[in-house]
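Report on the structure given below.
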Amino acid sequence: MPTPRHDVLILGAGPAGISTALWLRDFKISCLLLERERQPGGQLHQIHAPIPNYLTAYGWDGARFAGVALDDARAASLEILVGEPVRRIVMERPARRGGAMKRSSPPSSSAAGVFRVDRGVRERLRASVVVLATGLSRRTLGVPGETELEGRGVSHSANRERMRWAGRPVAVVGGGTAAVEDAVLCAEVGCEVTLIHHSTRFRARNDFLQRARANPHVKFVTNSEVRAVVGKERVEALRYRKRGTKRDETIAVDAVFVRIGWEPETSIVRGMVRLDRRGYVRVNPSGRTSTPGLYAVGDVCSPDAPSIAGAVGQGAAAAWDIARTLGRLPR
Ligand SMILES: Cc1cc2nc3c(=O)[nH]c(=O)nc-3n(C[C@H](O)[C@H](O)[C@H](O)COP(=O)(O)OP(=O)(O)OC[C@H]3O[C@@H](n4cnc5c(N)ncnc54)[C@H](O)[C@@H]3O)c2cc1C
């Protein structure tokens with residue numbers, strides 16, 4: 001079995017992954033970040049409104065934050081491979097139970113195992129420890145036209161794109177705060193908005209809901225499933241069906257904002273670690289999962305408080321624990 005070139009492989013270069021890598025570097029532990037996208041930064045690239053709650057970055061947008069994070073990564077000479085997803089993790093030699101979430105005795109350096117991580121089609125990498133920092137992915141409708149018309153009317157952020165559709169008919173799909181807020185934002189720039197939700201109950205914040213209900217340019221269509229986004233070169237209409245009926249309705253729209261939430265990106269560890277009932281990785285405060293040597297940090301294990309601060313903090317906590325597990329820090 002080949003010797004691992006790196007002590008630690010970190011899957012995902014969002015705030016959690018980069019923070020973990022910086023701390024590991026500080027502890028002189030070799031690590032490599034593996035990022036699916038061409039640009040590191042994760043969800044930071046989706047933040048278009050000013051960030052109101054992160055110390056030192058108050059009022060920044062996500063692009064600025066991601067740029068500075070990347071500058072930090074470069075300045076610290078972190079190794080990052082981008083542009084390919086990790087497809088598989090294989091435990092070639094199990095670590096001893098001392099490195100797992102439930103532990104009766106403290107872990108030791110021999111608690112580490114050997115993991116093989118398959119990236120892209122042919123690339124195989126090995127490490128003693130793997131950190132899952134894969135964050136969240138947008139939920140999709142999974143209907144015809146959604147992927148095909150992405151960027152040509154199918155959008156995910158009214159904050160960023162509403163001016164493009166100002167004064168035109170649009171649909172917003174979802175029932176959470178993001179969806180209702182998008183409906184209000186679009187109505188404010190003169191759009192006729194149809195807000196489509198699969199239930200009659202909304203999870204959105206009450207103040208947003210009240211604003212949407214009070215706006216004559218927002219029409220609510222509840223208890224309805226989207227069936228297709230229609231259009232050839234660009235979005236032309238949306239097809240949906242009211243629950244309990246057998247007939248599709250079609251509304252003419254120029255844009256569809258899909259705002260149906262996010263889900264943890266755990267497909268590569270399914271069956272390998274314990275997940276909670278919502279599919280998030282279960283961890284202890286140091287980021288240990290139920291599999292010794294496999295850690296999780298950031299949004300992928302934070303169903304209740306996803307945040308940049310949380311992701312950065314969890315990366316630090318996991319790095320300290322990894323350093324102790326690998327015998328690089330005294331206990
Ligand atoms: C619109 C919006 C506004 C927000 N506003 C705020 C705010 O004001 N304040 C705040 O604190 N937080 C905010 N957040 C949340 C914040 O961005 C996240 O909590 C934070 O980015 C989580 O970091 P993370 O590293 O855990 O995950 P992510 O940022 O999701 O990064 C995960 C990374 O893993 C990569 N990845 C996934 N699967 C694979 C794979 N198989 N192989 C390799 N790489 C993979 C992804 O491409 C991604 O780069 C906002 C989020 C959004 C979407």
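The values are calculated or read from the model by the stated rules, or taken from the named source; none is laboratory data. Everything numeric here is computed off the predicted structure, so don't read it as measured data. Cβ: placed from backbone, ideal geometry, glycine included. Neighbour counts: every protein chain shown.
Here are the numbers for this structure:
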item: Yes/no for Arg270 being at pLDDT below 95, out of contact with any Leu (no Cβ under 9 Å at 6 or more places or on another chain) and over 30 Å from Val218 (Cβ atoms); result: yes
item: Those residues of the stretch 30-49 which are more than 10 Å from the ligand (Cβ to nearest atom) and part of a loop (DSSP other than H, G, I, E, B), in sequence order; result: Ser30
item: Arg274 away from the ligand (no atom under 16 Å from the Cβ), surrounded by fewer than 17 Cβ atoms within 10 Å (Cβ to Cβ) and outside the structural domain of Cys301 (by TED's automatic domain parsing); result: no
item: Condition met for Glu146 (surrounded by fewer than 19 Cβ atoms within 10 Å (Cβ to Cβ), at pLDDT 95 or above and under 21 Å from the mean Cα position of the chain (by Cα)); result: yes
item: Residue match in the stretch 124-131 (condition: away from the ligand (no atom under 14 Å from the Cβ), touching a residue at least 24 places away in the same chain (Cβ under 8 Å) and over 30 Å from Thr325 (Cα atoms)); result: no
item: Qualifying residues in the stretch 73-98 (those that are outside any loop (DSSP other than H, G, I, E, B) and of a type in the set (Gly, Ala, Ser)) - the one surrounded by the most Cβ atoms within 10 Å (Cβ to Cβ); result: Ala73
item: Qualifying residue in the stretch 5-18 (condition: more than 8 Å from the ligand (Cβ to nearest atom), charged (D, E, K, R) and either closer than 21 Å to Val297 by Cα or part of a strand (DSSP E or B) (or both)); result: yes
item: Hits in the stretch 132-147 (condition: in contact (Cβ under 8 Å) with a residue 60 or more places away in the chain and away from the ligand (no atom under 14 Å from the Cβ)); result: Thr140, Leu141, Val143, Pro144, Gly145, Glu146
item: Pro52, sole failed condition from (1) part of a helix (DSSP H, G or I); (2) within 11 Å of the ligand (Cβ to nearest atom); (3) not hydrophobic (A, V, I, L, M, F, W, C); result: (1)
item: Matching residues, the stretch 124-142, being in a loop (DSSP other than H, G, I, E, B) and crowded, with 18+ Cβ neighbours inside 10 Å; result: Ala133, Thr134, Gly135, Leu141
item: Long-range neighbours under 8 Å by Cβ, at least six apart or interchain, first residue in a strand (DSSP E or B) and modelled with pLDDT of 95 or more within the stretch 152-174, second crowded, with 21+ Cβ neighbours inside 10 Å and among the charged types (D, E, K, R); result: Val172/Asp182; Val172/Arg259; Val173/Arg259
item: From Val300, Val283, residue being in a helix (DSSP H, G or I), within 15 Å of the ligand (Cβ to nearest atom) and of a type in the set (A, V, I, L, M); result: Val300
